[in-house]
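I have placed the structure first, in the form of structure tokens, so that the comments after it can refer back to it.
Each reported figure results from applying straightforward, stated rules to the coordinates on display, with no laboratory input. Quick caveat: nothing in here was measured; it's all calculated off a predicted structure. As a convention, Cβ positions derive from the backbone with ideal geometry for all residues, glycine included, and neighbour counts pool all protein chains shown.
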2 protein chains.
Amino acid sequence: MTDGPEGAPRRPRLSRELVLHAALRLVDEQGLEALTMRRLGQELGRDPMALYRYATNRAALLDGVAELVLAQLVISADTPDWQEQLRRAAHQFRQLALAHPNVVPLIVTRPLATPLALRPIGTLRPLEQMLELLIAAGYPPVRALHLYRSYWGLLHGHVLNELQEVVVDPEATDALLRLGLDRLPPEEFPRLRGLAKALLAGYDGAAALDESLDLLLNGLQAVEQQAPAPGSRRRRAAPPARR
Amino acid sequence: MTDGPEGAPRRPRLSRELVLHAALRLVDEQGLEALTMRRLGQELGRDPMALYRYATNRAALLDGVAELVLAQLVISADTPDWQEQLRRAAHQFRQLALAHPNVVPLIVTRPLATPLALRPIGTLRPLEQMLELLIAAGYPPVRALHLYRSYWGLLHGHVLNELQEVVVDPEATDALLRLGLDRLPPEEFPRLRGLAKALLAGYDGAAALDESLDLLLNGLQAVEQQAPAPGSRRRRAAPPARR
DNA sequence: ACGTAGCGTCTACACCGTAGACACGTTGAG
DNA sequence: CTCAACGTGTCTACGGTGTAGACGCTACGT
């Protein structure tokens with residue numbers, strides 16, 4: 001708001017914050033491909049080259065956007081119920097992903113290009129907080145690290161899952177789905193076709209996330225029999241580990 | 001046909017297969033950004049515009065590459081031990097990801113742009129096979145779908161995790177890691193810094209994957225005790241017990 | 001033999017990231 | 001107050017990109 005798309009004389013001094021926020025807005029509204037040095041420059045009423053004072057690269061700009069979103073995630077380690085805390089963080093992450101679906105590919109993918117130790121600090125903070133939480137819950141640090149990886153992987157996986165279920169135009173879904181399913185040879189895809197109504201029924205992301213978290217936490221509890229147990233109390237059958 | 005006298009430049013007739021394989025090779029060897037219509041054209045000794053006969057888009061080309069890799073995944077539903085089958089498929093997927101790391105972003109990310117029903121068939125086949133496997137194991141279809149989602153999410157998450165642990169130059173890792181960790185304010189990142197040696201110790205991806213699978217399968221088993229029991233009911237039964 | 005349909009090419013255009021030189025306003029030292 | 005240094009934004013330019021559209025060519029069905 002506040003002005004037309006072009007020729008706006010308004011020009012506050014640039015700053016990294018300002019640039020990144022404009023970039024995020026652009027990505028949110030028009031997708032990743034729209035985040036272009038030229039377009040962002042125009043959005044800010046500046047020459048595209050000005051941006052290079054605040055991000056050495058387009059790639060760096062992308063990292064900045066991802067960091068901006070991820071930094072909103074706060075995991076506090078002060079609650080006694082760490083499992084609840086894990087769930088809360090998971091849902092928080094999910095909400096962030098839903099609020100910025102176009103940024104999700106960056107979040108899950110950009111780290112592939114950057115070794116852990118060199119990642120932006122805002123990205124590492126959730127990791128640290130998560131470790132703190134798990135260690136406070138009684139897990140030995142190395143195990144906490146492993147657990148963190150499983151948990152984070154679950155989150156990334158879930159969010160990717162859910163986002164591809166989201167449909168822009170819910171009205172067109174029906175026709176689209178049938179159209180798509182009819183295309184599939186029935187003898188080769190009987191199961192998938194049989195699930196048409198379930199696929200049409202929509203997708204409760206929060207419930208699905210909880211389901212996956214249940215699996216993880218229950219599994220964790222089941223595995224604890226052979227490993228030092230943290231703050232949980234129940235015990236049951238002990239399956240042997242493999243490989 | 002088409003076997004004429006071999007001239008100076010060899011130019012077999014193009015085909016979608018041929019184009020996609022060349023594209024995959026390019027991505028494998030030089031990364032995603034190197035997959036450019038012009039470069040691919042040059043690679044094939046053809047005008048870039050020729051490619052548009054076999055892929056309507058660069059985006060379609062990317063989808064094709066992802067499909068090409070994913071289609072190599074085969075899940076057979078004929079084994080009685082479905083859990084073992086799940087593990088096998090997971091490790092197979094992991095191997096594919098390791099063999100084509102540059103394609104992984106496509107695999108996890110491209111579906112976001114395409115509603116499920118319109119995805120390339122090669123991409124849907126693993127889904128169908130997986131559903132068949134779970135349903136044969138006794139799960140009701142809808143539950144099988146949910147389970148599939150958790151499982152597939154876990155796979156994507158794990159692979160993303162593992163790939164960002166991979167280091168191009170293992171010798172430089174040490175210095176790099178220390179450099180990076182030293183950068184972090186000690187009072188803000190005590191846990192992370194404390195895990196330096198664990199991070200340096202390297203990452204056993206297969207083991208980590210098994211660990212995550214253990215969590216999922218054990219959790220599944222644990223949940224079954226309170227929910228309507230799937231595993232042991234149907235005719236082609238496979239009890240939830242693990243070896 | 002001849003149309004014809006598909007494959008490949010050529011040209012052209014709008015857009016992209018970014019290197020490098022440069023103009024300008026601010027600031028701090030003398 | 002002067003002036004040099006510096007940080008900020010601008011301008012120009014270059015090589016690369018995706019792809020629309022018209023066009024030639026070759027192979028093939030008839």
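Brief remarks on what is shown
- Each of A:Pro105, A:Leu213, A:Leu147 was scored by the projection of its Cα onto the charge dipole of chain A, and the greatest displacement toward the positive side belongs to A:Leu147; charges sit on the C-beta of Lys, Arg, Asp and Glu.
- Counting only DSSP H runs of at least 4 residues, each contributing -39500 (n - 2.57), and dividing by the residue count of chain B, the helix-based mean residue ellipticity at 222 nm comes to -18500 deg cm²/dmol.
- Compactness ratio for the protein assembly as shown: Cα radius of gyration over 2.2 N^0.38 Å (N = residue count) comes to 1.04.
- Normalised by residue number, the volume inside the convex hull of the Cα atoms of the stretch A:75-223 is 155 Å³ per residue.
- Calculated over the stretch B:22-155: convex hull of Cα atoms, volume per residue (Å³): 105
- Label distances, nm, A:Tyr203 versus same residue in remaining copies, Cβ-directed 7 Å point: 2.5
- Candidates B:Leu154, B:Leu112, B:Leu44, ranked by Gaussian network fluctuation over chain B, Cα under 10 Å, top entry: B:Leu112
- Other residues with beta-carbon under 13 Å from the beta-carbon of B:Tyr52 carry, at +1 per Lys or Arg and -1 per Asp or Glu, a net charge of +4.
- A cut-off under 12 angstrom between Cβ atoms defines the neighbours of B:Leu195, and their net charge, with Lys, Arg +1 and Asp, Glu -1, is +3.
- Point-charge dipole on Cβ atoms (K/R +1, D/E -1) for the stretch B:16-55, about Cα centre, debye to 20: 180
- Cβ-vector label at 7 Å, B:Pro12, separations to other copies in nm: 6.1
- Note on A:155-166: average number of Cβ atoms from other chains within 10 Å of each residue's Cβ is 6.
- Radius ratio Rg over Rh of the stretch B:16-55, counting only Cα atoms, Kirkwood formula for Rh: 0.92
- Semi-axes of the equivalent ellipsoid for the stretch B:30-85, Cα gyration tensor, largest first, Å: 35, 11, 9
- Residue exposure sequence - A:Glu162, A:Glu132 - by fewest surrounding Cβ within 10 Å: A:Glu132, A:Glu162
- Under 9 Å, Cβ to Cβ, from B:Leu26 - net charge with Lys/Arg +1 and Asp/Glu -1: -1
- Charges were assigned to the Cβ only: +1 to each Lys and Arg, -1 to each Asp and Glu. The resulting dipole of the stretch A:78-171 about its Cα centre is roughly 420 debye.
- Gaussian network model of chain B, springs between alpha carbon atoms under 10 Å - residue of B:Asp81, B:Asp182, B:Asp210 with greatest fluctuation: B:Asp182
- Selected from B:Ala77, B:Ala144, B:Ala196 as most flexible by GNM, with chain B as the system and alpha-carbon contacts under 10 Å: B:Ala196
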